[in-house]
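See structure below.
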Amino acid sequence: MIILGDRYTFSQIEKERLEKKFSTINHLSYRDLSVQKSIKQIDTLLKLQKYSVIVLNTKAVIPPKLITYLSKLELQGVCYLTIEHCLEQYLHKCLIPREFRDIEFIEEIQAYSSFQYLQKRVIDSIAILILLIPTLFAILYTKYRIQKESAGGLFFRQKRVGESEQEFECIKLRSMHLDAEKNGAKFASDDDPRTFPWGKTIRYTKIDELIQLWNVLKGEMHLVGPRPERKIWTTEFEKSIPLYNQRHVVAPGITGLAQIKYQYGSGKLDAQEKLMYDLYYIKHWSLKLELEIIWKTALFVLTKKRENLSNF
C-alpha cells in the first residue's frame with residue numbers, strides 16, 4: 001500500500017492492522033509537490049516493489065493528470081481509492097469530514113429498514129433467552145457481594161440518550177460507591193478508584209451491563225448498537241464533533257463495533273474515534289456484521305485477549 005498525503009493520521013494500532021493485510025506500507029507526502037514529482041515518487045516505489053493499493057490521503061483536489069496516471073496503473077493491477085473508502089474497507093470506520101463538500105455522506109447514515117429492525121429484534125429476543133439464567137445468577141451474587149463491600153442498593157439507574165435523542169433510564173448493576181459523583185460528573189476509567197472490589201470485577205468483565213437486557217426487552221436498546229451516553233456528554237460532544245448526533249438515528253446497544261474495535265475510552269478524542277465506528281456500523285449494517293460483533297464480544301469477554309479482535 002502507498003499512502004499519498006497527510007490528511008488522516010493513522011494510529012499505531014491501525015498501522016498494525018493494515019500491516020496484516022499489506023506486506024509493505026509506504027507513505028509519500030503530497031504537500032507542495034508538483035504532479036510530476038508525485039508521479040516520479042510513485043514510479044520509484046513501484047519499480048522497487050509490487051504494490052496493490054494507492055490511497056489518496058489528501059485534502060487537495062487531485063489534478064486530472066494524476067488521475068489519468070492512476071487510471072493507467074489500474075490496468076496494471078494497482079487500484080487507487082480515497083482515504084474515506086480506505087478507512088471503511090480496511091478499518092471499518094467512517095472518516096468524519098471537517099468540510100462538507102458533499103452531503104451524500106450524511107444521507108447514507110440512515111435508520112434501519114423495517115426488515116433490518118425485525119432481524120435485530122429477533123437477535124435481541126434470542127439473546128434475552130440465552131442470557132437470562134446467567135443474568136439472574138449475576139444479580140444474586142452481586143447482591144451478596146455489595147452487602148459486604150458497599151453500602152447502598154443493587155442497581156444503578158441513569159438517564160442516557162437513545163434513539164431520536166430521547167432520554168431513557170439505563171440500568172446497570174452498581175459497581176461504584178454511592179458518592180462516586182460527589183465532585184461532579186466524570187468519565188469512568190479502566191482502573192477507576194471509585195469502584196469497590198467486586199464492582200471493579202463486574203466492570204472489567206462487563207457483567208454489570210447484563211441487566212441492560214431489561215432495556216432491550218423494553219425496546220429502548222438493542223443487543224448491538226452505539227453505546228448510550230449521558231446528555232451532559234452528548235451536548236458537549238455535539239459542539240465540536242461533526243455528525244455526533246447521527247449516532248442517535250438508531251437505538252443504542254449493550255455492545256457495539258466501537259467497543260470491540262476501540263475498547264475503553266473517555267473524553268472528546270475517544271468519543272470521536274468511537275463515533276467513526278458507530279457511523280460505519282449504521283451505514284453498513286448487515287446480519288453478518290451483527291453476528292460478527294456478537295461473536296467478537298463473546299470472545300473478548302471470555303478471554304480478555306485483544307488478539308481475538310485483530311482479524312475483524
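Quick test for you: out of Thr24, Thr9, Thr58, pick the one residue that is assigned to a loop (DSSP other than H, G, I, E, B), at pLDDT below 95 and under 23 Å from the mean Cα position of the chain (by Cα). Matching residue, one of Thr24, Thr9, Thr58: Thr9. Listed conditions (1) part of a loop (DSSP other than H, G, I, E, B); (2) under 20 Å from Phe156 (Cα atoms); (3) of a type outside the set (A, V, I, L, M); (4) at pLDDT below 95 are all met by Gly219, apart from (4).
A quick yes/no check of all residues on (1) under 22 Å from Tyr280 (Cα atoms); (2) under 30 Å from the mean Cα position of the chain (by Cα); (3) surrounded by 17 or more Cβ atoms within 10 Å (Cβ to Cβ):
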site	(1), (2), (3)
Lys50	no, no, no
Lys65	no, no, no
Leu70	no, no, yes
Leu75	no, no, no
Lys93	yes, yes, yes
Glu99	yes, yes, no
Glu104	yes, yes, no
Tyr112	yes, yes, yes
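The set of residues from segment 13-25 being crowded, with 16+ Cβ neighbours inside 10 Å and without any contact (Cβ under 8 Å) to a residue 60 or more places away in the chain comprises just one member, Ile25. Screening Lys261, Lys304, Lys296, Lys288 for residues that are assigned by TED's automatic domain parsing to the domain that holds Gln212, within 26 Å of Ile106 (Cβ to Cβ) and modelled with pLDDT under 95 leaves exactly one candidate, Lys261. Among residues of segment 116-131 that are surrounded by 15 or more Cβ atoms within 10 Å (Cβ to Cβ), those with a beta-carbon under 6 Å from a residue that is among the β-branched types (Val, Ile, Thr) at least six positions away or on a different chain give the pairs Asp124/Val216.
Of the helices (runs of 4 or more DSSP H) entirely within segment 79-165, those holding at least 3 residues that are β-branched (Val, Ile, Thr) and out of contact with any Asp or Glu (no Cβ under 7 Å at 6 or more places or on another chain) occupy 114-149. For Leu33, indicate whether it is surrounded by fewer than 18 Cβ atoms within 10 Å (Cβ to Cβ) and either outside the structural domain of Gln246 (by TED's automatic domain parsing) or part of a helix (DSSP H, G or I) (or both). Yes.
The values are calculated or read from the model by the stated rules, or taken from the named source; none is laboratory data. Here the structure is a predicted model, which is why all the values come from computation and not from measurement. All Cβ positions, glycine included, derive from the backbone under ideal geometry; neighbour counts span all protein chains shown.
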